[in-house]
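Below: the structure, in structure tokens.
Every number here is computed from the coordinates shown, using simple stated rules; none is lab data. Treat the numbers as computed from the prediction; the structure is a model and nothing was measured. With ideal geometry, Cβ positions are generated from the backbone for all residues, glycine too; neighbour counts draw on all protein chains shown.
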Amino acid sequence: MTEYHFYEPADGHRLPHDPLNAIVAPRPIGWVSTVSADGVRNLAPYSFFNLINYRPPLIAFSSTGWKDSVANVKATGTFVWNLATMAQVEQMNASSANVASDVDEFDLAGLDALPSSLVKADRVAGSPVHFECRLTQLIQLQTKEGRELDQWLVIGEAVGIHIDTATLEDGVYQTARPRPIMRGGGPADYFEFTEDQLFRMRRPD
């Protein structure tokens, strides 16, 4: 018989580290670039991130606290998601530093930028995929009792998508080819997605 560790989150997990983000893992990284109303660029990774709708393509990231990324999206209505890969893992980590709002994280992380086609925020040069997004919803999250949290869900529609053609094979995007990285649990765990992890399984008819 399986022995389970049971807990009610409101009472604490009684473990050395909160297991929640290690269980729901690995998670894709929302490497989000924005620009302030004053023109200051911002770049930050978010591990609470995902694609949540196919047509139109909607992506979402959630921020603990009213951070610069959220403030910039509210001010400009736009942001860019940049695919984080092994080739830029150190720069991605550097961009997560907690710095003043007038600091340009592109410069801080030693990254070049590319102009976007449809939105104000720049793209990360070297990242193989960019989603240029326009804000559709900005939601303050709540508890089951309706108590407002200092947690903000940003949903944007990808209105322009850039894909490095080297990631395509016969026109089909190869998920593992750019070596994307994902967030695990704990303070420092990450995973790399590689081709040797691929298996195929079709849905039942």
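Conditions tested, residue by residue: (1) within 29 Å of T194 (Cβ to Cβ); (2) surrounded by fewer than 21 Cβ atoms within 10 Å (Cβ to Cβ); (3) in contact with a Gly (Cβ under 8 Å, 6 or more places away or on another chain).
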residue: K67; (1), (2), (3): no, yes, no
residue: K74; (1), (2), (3): no, yes, no
residue: A87; (1), (2), (3): yes, yes, yes
residue: V99; (1), (2), (3): no, yes, no
residue: F106; (1), (2), (3): yes, yes, no
residue: G110; (1), (2), (3): yes, yes, no
residue: A121; (1), (2), (3): no, no, no
residue: V129; (1), (2), (3): yes, yes, no
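Among the conditions (1) surrounded by 13 or more Cβ atoms within 10 Å (Cβ to Cβ); (2) under 30 Å from D102 (Cα atoms); (3) not aromatic (F, W, Y), the only one that G39 does not satisfy is (1). A count restricted to region 8-28 and to residues that are closer than 12 Å to G184 by Cα and of a type in the set (G, A, S) stands at 2. Select from region 154-173 the residues that are in contact (Cβ under 8 Å) with a residue 60 or more places away in the chain and either surrounded by fewer than 17 Cβ atoms within 10 Å (Cβ to Cβ) or over 20 Å from the mean Cα position of the chain (by Cα) (or both) and list them in ascending order. Matches in region 154-173: E157, I161. Scanning region 51-66 for residues that are free of Cβ contacts under 8 Å to residues at least 60 places away in the same chain, out of contact with any Pro (no Cβ under 8 Å at 6 or more places or on another chain) and not aromatic (F, W, Y) yields a total of 2.
All of (1) over 21 Å from P28 (Cβ atoms); (2) of a type in the set (A, V, I, L, M); (3) surrounded by 14 or more Cβ atoms within 10 Å (Cβ to Cβ) hold for L149 with one exception: (3).
Pick out the one residue from L15, L20 that is touching a Phe, Trp or Tyr at 6+ places or on another chain (Cβ under 9 Å), surrounded by fewer than 16 Cβ atoms within 10 Å (Cβ to Cβ) and not hydroxyl-bearing (S, T, Y). That would be L15, the only listed residue that is touching a Phe, Trp or Tyr at 6+ places or on another chain (Cβ under 9 Å), surrounded by fewer than 16 Cβ atoms within 10 Å (Cβ to Cβ) and not hydroxyl-bearing (S, T, Y).
Here I139 fulfils each of the conditions (1) surrounded by fewer than 11 Cβ atoms within 10 Å (Cβ to Cβ); (2) touching a strand residue (DSSP E or B) at 6+ places or on another chain (Cβ under 7 Å) apart from (1).
State whether one or more residues within region 100-108 are touching a Phe, Trp or Tyr at 6+ places or on another chain (Cβ under 6 Å), of a type in the set (A, V, I, L, M, F, W, C) and under 12 Å from T34 (Cβ atoms). No, that holds for no residue. Residue count for region 23-78 satisfying the condition of being β-branched (V, I, T) and in a strand (DSSP E or B): 7. Out of everything in region 174-205 that is among the charged types (D, E, K, R) and surrounded by fewer than 10 Cβ atoms within 10 Å (Cβ to Cβ), what residue ends up being farthest from the chain's Cα centre (by Cα)? Across region 174-205, the extreme among qualifying residues is D205.
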